[in-house]
Amino acid sequence: MADNNIEKFQLYVPKLEELCNVLQTGLKNNFAEAQVSVVDCPDLTKEPFQFPVKGLCGQPRITDVGGVPYLVPLVQKDKEYNMNTVAKEVELPGAFILGAGAVPSRIVGMNAELMPLVLTEAPGRPAVNSSYFSSINPADGQCLLERYSDTFSDCNFALLANLYACEGKPGKVIEVRAKKRTGEESLVGSLRNTLEAHYPDKSLALGGTFIIQKGKAKIHIMPREFSVCPLNTNDEVNNWLKHFEVSAPLICQSVFVSRDPGLDLRLEHTHCFSHHGEGGHYYIDTTPDTVEYLGYFMPAEFVYRIDRPKETHVIGRD
Ligand SMILES: [Zn+2]
């Protein structure tokens, strides 16, 4: 793992109360019921989260590491990263990190979706890796969700990740409640598009977690084997991915950016896990009439672009 190229950009951070008003108004275009308010972050060490820290607060920032160009058209297996290193690269050693990424295939022995939940190492304290990963079960072709630390002891990941980092402290956060989807946008898409429309000349980013409390959702899981044929179009990528419909309750980790400030960012990325063996890359709920969302988010102060691909494209970023 050579020293990575890092670019840093300061994001626009409105007052939480202002964000609540903007987001609630926007969500009502896509959901029959929407309520956004400033609350004390619930204790995230408790059910259903079981995160290694209590809250989402303290120097919030996001990072986009690597990218889809390291996965398609053909995989670049040397693209491996470490959460402890990333915490230092985003100038927050010992940070709590959550988000969406890919497992280190060199260590895991296959490709899989990663749901990072890592309290990174600090002087006198080892890292706590509470991440999940989901793969295709070779026995039945279905989803296989596992706790990363049940088998592996590292904090590595590979290829790409969209991560939210903070001190993991309690504090004020934005609570999002939405029920009954009336529009075509996912929860994350609706929040992101609302920010882009309301702040057209600014870049904002939110990171956090939300629960799909009722209903089902469309997800994908990458196959265990990387494609040996180049994947050159979105259709080819989607044919390679395995798609599933999974059931609530699902706990999602999400990072999204309203507008790319010129860093070749992935604008939204959300992975989910559950306590009933399902998890993967979230697209949207498939039960608009019954779906219920409850989420907690914080606006990030900075975005760090780590190891940005020199040769890029826009394939496979859904
Ligand atoms: Zn993903």
Residue list for the stretch 31-86, filter: among the hydroxyl-bearing types (Ser, Thr, Tyr) and over 17 Å from the mean Cα position of the chain (by Cα): Ser37, Thr45, Tyr70, Thr85
Gln10 vs. criteria open to solvent by 10 Å² or more (accessible area, probe 1.4 Å) and closer than 23 Å to Leu195 by Cα: yes
Leu204 vs. criteria within 21 Å of the chain's Cα centre (by Cα) and modelled with pLDDT of 95 or more: yes
Selection status of Val314, open to solvent by less than 30 Å² (accessible area, probe 1.4 Å) and of a type outside the set (Phe, Trp, Tyr): no
Residue match in the stretch 145-167 (condition: among the polar types (S, T, N, Q) and within 16 Å of the ligand (Cβ to nearest atom)): yes
Test for Glu175: is it among the acidic types (Asp, Glu), in a strand (DSSP E or B) and open to solvent by 10 Å² or more (accessible area, probe 1.4 Å): yes
Those strands (runs of 3 or more DSSP E) lying entirely in the stretch 179-298 with at least 1 residues more than 16 Å from the ligand (Cβ to nearest atom) and buried (at least 16 other Cβ atoms within 10 Å of the Cβ): 205-214, 216-221, 280-285
Top-ranked residue in the stretch 125-139 [being within 16 Å of the ligand (Cβ to nearest atom) and either of a type in the set (Ser, Thr, Tyr) or at positive phi (or both); ranked as farthest from the chain's Cα centre (by Cα)]: Ser135
Residues of the stretch 97-115 satisfying the condition of being more than 11 Å from the ligand (Cβ to nearest atom) and of a type outside the set (A, V, I, L, M, F, W, C): Pro104, Ser105, Arg106, Gly109, Asn111
Which numbered condition Ala122 misses (of (1) open to solvent by less than 60 Å² (accessible area, probe 1.4 Å); (2) within 16 Å of the ligand (Cβ to nearest atom); (3) over 20 Å from Lys28 (Cβ atoms)): (2)
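The values are calculated or read from the model by the stated rules, or taken from the named source; none is laboratory data. Predicted, not measured: the structure shown is a model, and the values here were computed from it. Neighbour counts are summed over all protein chains in view; Cβ atoms, including those assigned to glycine, are modelled from backbone coordinates with ideal geometry. Ligands, DNA and RNA are excluded from the accessible area calculation, which covers all protein heavy atoms including side chains. Shrake-Rupley method; radii C 1.70, N 1.55, O 1.52, S 1.80 Å.
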